[in-house]
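Report on the following structure.
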Amino acid sequence: MYPAFLMIHSVLRWLVLVAAVAAAGKALAGWLGKQPLTKLDDRLGLIFTITMDAQLLVGLILYVFLSPLTQSAFQNMDAAMSDITLRFFVVEHLGLMVVAVVLTHIGRALTRRAPEAGKHRRAALWYGLALLVILFAIPWPFYAYGRPLNPFWMLGG
């Protein structure tokens, strides 16, 4: 089950990134162009929020039940904190991604409640901030603890 959930988590990473760039980018364009919020703008924010929630759910299943990394870390947290890979996946990745999910939800709620003239600005700021946090929290291949860009890497693809 671990490889399947890890692959789903890796595929969802790309869906989250596409949704984040689309929602933040469209909001920024709307803000700078002084355009009203459209149904598409609202849908992009909703899709971003839903993909974040799905990613969080899969990530928590990995974190709590399936990941050999977290299971190993839970055995000896002192040792895990001195290992860069274990510390990243047990503390940093989880913490930053939870922050990103919260920022996404705050952005969605504040955007919907904002006066029409401020909707795009709020969406651009909150979704953009969430996107920055996500980019910092992804285990990119150039990090010591990085994962391949290909979501099917575990299959040899």
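The values are calculated or read from the model by the stated rules, or taken from the named source; none is laboratory data. Since the model is a prediction, treat every value here as computed from it, not as a measurement. Note that each Cβ is placed from the backbone with ideal geometry, even for glycine, and that neighbours are counted across all protein chains shown.
Below, the figures for the structure above:
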{"quantity": "Only one of L69, L32, L40 that is out of contact with any strand residue (DSSP E or B) (no Cβ under 6 Å at 6 or more places or on another chain), among the aliphatic types (A, V, I, L, M), within 28 Å of I8 (Cβ to Cβ) and at pLDDT 95 or above", "calculated": "L40"}
{"quantity": "Inter-residue pairs, beta-carbon under 7 Å, first modelled with pLDDT of 95 or more and among the basic types (K, R) and in region 17-28, second in a helix (DSSP H, G or I) and surrounded by 17 or more Cβ atoms within 10 Å (Cβ to Cβ), 6+ apart", "calculated": "K26/D41; K26/L44"}
{"quantity": "Exclusive hit being in contact with a Gly (Cβ under 7 Å, 6 or more places away or on another chain) and in a helix (DSSP H, G or I), set M52, M97", "calculated": "M97"}
{"quantity": "Selection from region 109-157 of residues that are among the basic types (K, R), over 30 Å from M81 (Cβ atoms) and out of contact with any Asp or Glu (no Cβ under 9 Å at 6 or more places or on another chain)", "calculated": "R113, R121, R122"}
{"quantity": "From the options A100, A54, A123, residue that is at pLDDT 95 or above and farther than 25 Å from V11 by Cβ", "calculated": "A123"}
{"quantity": "Filter result (of a type in the set (A, V, I, L, M) and more than 10 Å from L6 (Cα to Cα)) within region 62-84", "calculated": "V64, L69, A73, M77, A79, A80, M81, I84"}
{"quantity": "Residue list for region 26-58, filter: out of contact with any His (no Cβ under 6 Å at 6 or more places or on another chain) and of a type in the set (G, A, S)", "calculated": "A29, G33, G45, A54"}
{"quantity": "Of the criteria (1) out of contact with any Pro (no Cβ under 9 Å at 6 or more places or on another chain); (2) in a helix (DSSP H, G or I); (3) surrounded by fewer than 17 Cβ atoms within 10 Å (Cβ to Cβ), which one P36 fails", "calculated": "(2)"}
{"quantity": "Residue check, G45 within 18 Å of T111 (Cα to Cα), assigned to a helix (DSSP H, G or I), out of contact with any Phe, Trp or Tyr (no Cβ under 6 Å at 6 or more places or on another chain) and among the small types (G, A, S)", "calculated": "yes"}
{"quantity": "Condition check for I84: within 18 Å of R43 (Cα to Cα) and out of contact with any Ser or Thr (no Cβ under 7 Å at 6 or more places or on another chain)", "calculated": "no"}
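Table: residues versus (1) assigned to a helix (DSSP H, G or I); (2) among the hydrophobic types (A, V, I, L, M, F, W, C); (3) farther than 16 Å from A19 by Cβ.
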position: V101; (1), (2), (3): yes, yes, no
position: R108; (1), (2), (3): yes, no, no
position: G118; (1), (2), (3): yes, no, yes
position: L125; (1), (2), (3): yes, yes, yes
position: L132; (1), (2), (3): yes, yes, no
position: W140; (1), (2), (3): no, yes, yes
position: G146; (1), (2), (3): no, no, yes
position: P151; (1), (2), (3): no, no, no
